[in-house]
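Below is one structure, written out as structure tokens, with a few remarks after it.
Please treat every number below as a calculation from the coordinates, not as lab data. This structure is a prediction, so every number in the text was calculated from the model and none was measured. So basically every Cβ, Gly included, is an ideal-geometry build from the backbone, and we count neighbours across all protein chains shown.
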Amino acid sequence: MNGRRLLNETPTVVGMITSALQSGGSIDTAIRQISSEGPKLSRDLFLEAVRLTDSKGSTSLVEALSSKMECIPKEASGYGRALLITFSAAESSDDDTRDGMLKDAAEIAIESIKEAGEAYGSSLTIPSMVIFGIGIMVPMILMSIIPLLEVGGMFGNSILDQNMIIAITLVIIPCAILMTALYIRNINPFLSEENVMNSLTKAFPLIVSLPLSLMIAYILSDMDHLLIITLVPACVLTSIMLYKSIKEEAERKKNELSLMDSVFDIGNRMISGFNFERASVEAIASKESCYDISVNLEKEYALCRGSVRNAIIEAVGPISHEVGVTLSDISLCAERSPEDASRLAITMGGLMQNRNITKKNIASKLKSTTDMMVGTAMIFAPLVLGMSISMLEPISALYGNVSFAGASIILQIYLIELSALIAILVSCLGDDDRAEHIIWRFCMMCPIALIVFRVCSSISF
């Protein structure tokens with residue numbers, strides 16, 4: 001179990017328990033809800049506790065889950081502390097004491113995320129230097145010594161030859177960068193275990209471009225311009241195919257953040273005397289990007305025949321499952337006590353806002369690293385390697401017109417590999433490593449890298 005990823009789920013789990021307890025439910029209800037609707041790692045952990053209890057292996061869900069807490073990784077100690085406080089809060093008969101303990105658990109959850117994010121950001125310095133060093137400097141040096149390989153006695157009986165340089169450039173260096181990317185992905189606490197590599201069907205133009213490249217190379221016998229002729233149009237076409245889904249996902253994330261902000265507003269409106277239905281519709285409508293959602297929610301309320309939970313899931317669930325579950329719990333609490341429901345909405349809204357602010361601050365700190373990686377793949381690497389090719393001709397002439405045929409195509413293939421690896425790496429740095437986002441980033445970087453390389457390599461010295 002990845003302790004850092006488990007720690008990232010702490011605010012969501014604490015929020016679900018808080019929502020259940022403050023809406024009149026029990027800790028057992030909260031545990032069973034998380035075992036079926038919670039984030040991936042917590043869902044598996046809580047499900048084990050439920051199965052252990054149901055099979056009479058433990059006397060209670062809390063006892064079963066507490067025993068599981070002893071086995072979680074050391075990196076997720078904040079997760080265990082926060083959960084143990086919520087268990088104690090559930091046993092308290094005093095509302096003020098319980099609410100105070102739940103607030104403490106939420107603060108521990110947010111502080112744990114902040115500490116994990118800062119530690120993660122600090123740990124990226126060496127991997128970034130490794131990628132810069134082996135991704136740019138090593139290929140540039142290897143290309144620079146190509147003219148020297150055939151100079152008599154320059155390297156003696158060294159095994160370093162053009163075939164070895166090709167193997168290092170196209171196999172060994174990309175493998176090293178890939179291993180670094182996988183390492184960064186493993187230590188990233190913000191990647192959800194739900195984010196799996198989905199279908200690659202939208203990369204069809206890129207896949208087709210490979211046999212097309214070989215066909216054109218056979219017909220025209222021109223390898224030097226081959227990749228620009230085939231791959232650049234394929235990247236453009238793939239980008240067009242992906243544009244709609246990428247835009248829709250960006251819009252969904254924007255709306256999800258607005259919905260989370262509206263939860264706090266719902267509590268304030270309920271304190272002012274509005275019932276839950278009116279407060280939720282008006283609070284969501286006040287967010288400009290969510291006006292259509294509020295209209296759909298109002299329609300669902302009118303058609304739900306008293307099932308407010310179903311109305312919320314239909315209107316809000318597709319945008320944010322977490323907000324949908326939270327609003328459902330608030331609606332249940334409102335049926336029992338509007339005052340308690342308003343306090344629950346304010347508590348949950350504050351927790352969501354604090355978590356989002358923390359993640360936004362961490363993302364801002366990581367942006368410089370992300371920008372450097374993208375700039376390396378798109379501009380700096382092709383510029384340096386292109387200039388290296390331009391300098392090969394005078395260097396080669398100096399040593400008697402030593403051949404360096406194929407160096408340009410080798411570096412173009414390498415730049416394609418580098419663009420793909422940096423696209424994976426940038427996704428691993430963030431919180432979304434789905435295949436379509438990786439493909440989208442590759443299609444943005446690769447054409448620019450190839451064009452910059454061709455321009456720089458065509459300069460004559």
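Some observations on this one:
- Kirkwood hydrodynamic radius (C-alpha pairs) into Stokes-Einstein, the stretch 3-120, 10 °C and 1.306 mPa s, D in µm²/s: 113 µm²/s
- Helix axis angle, 77-91 relative to the chain longest principal axis, alpha carbon, degrees: 10 degrees
- Degrees between helix 204-220 axis and first principal axis of the chain (Cα, 0 to 90, nearest 10): 10 degrees
- Each of the peptides 245-257, 417-429 was scored by the mean count of other Cβ atoms within 10 Å over its residues; in descending order, highest first, they stand as 417-429, 245-257.
- Principal axis dimensions, the chain - Cα atoms, whole angstrom, descending: 90, 47, 37
- Cross-link partners of residue 244 among lysines (Cα-Cα below 21 Å; sequence separation of 8 or more within a chain): 202, 253, 254
- Kirkwood hydrodynamic radius over Cα pairs of the stretch 254-355, then Stokes diffusion coefficient at 25 °C and 0.890 mPa s, in µm²/s: 190 µm²/s
- The stretch 67-123 - Rg (one decimal) and Dmax (whole number), Cα, Å: 13.2, 44
- Nearest-ten-degree value, helix 276-285 long axis tilted from longest Cα axis of the chain: 30 degrees
- Relative contact order %, the stretch 34-148, counting alpha carbon pairs below 8 Å whose residues are six or more apart: 13 percent
- By the Cβ distance rule (another cysteine Cβ under 4.7 Å), the unpaired cysteines of the chain are 71, 175, 290, 304, 333, 428, 446, 456.
- Under 13 Å of direct C-alpha separation, and excluding same-chain neighbours fewer than eight residues apart, residue 360 reaches these aspartates and glutamates: 118, 431.
- Cross-link partners of residue 74 among lysines (Cα-Cα below 24 Å; sequence separation of 8 or more within a chain): 40, 103, 114, 359
- Only helices enter this figure: runs of n ≥ 4 DSSP H residues, each worth -39500 (n - 2.57), summed and divided by the residues of the chain, yield -25000 deg cm²/dmol at 222 nm to the nearest 500.
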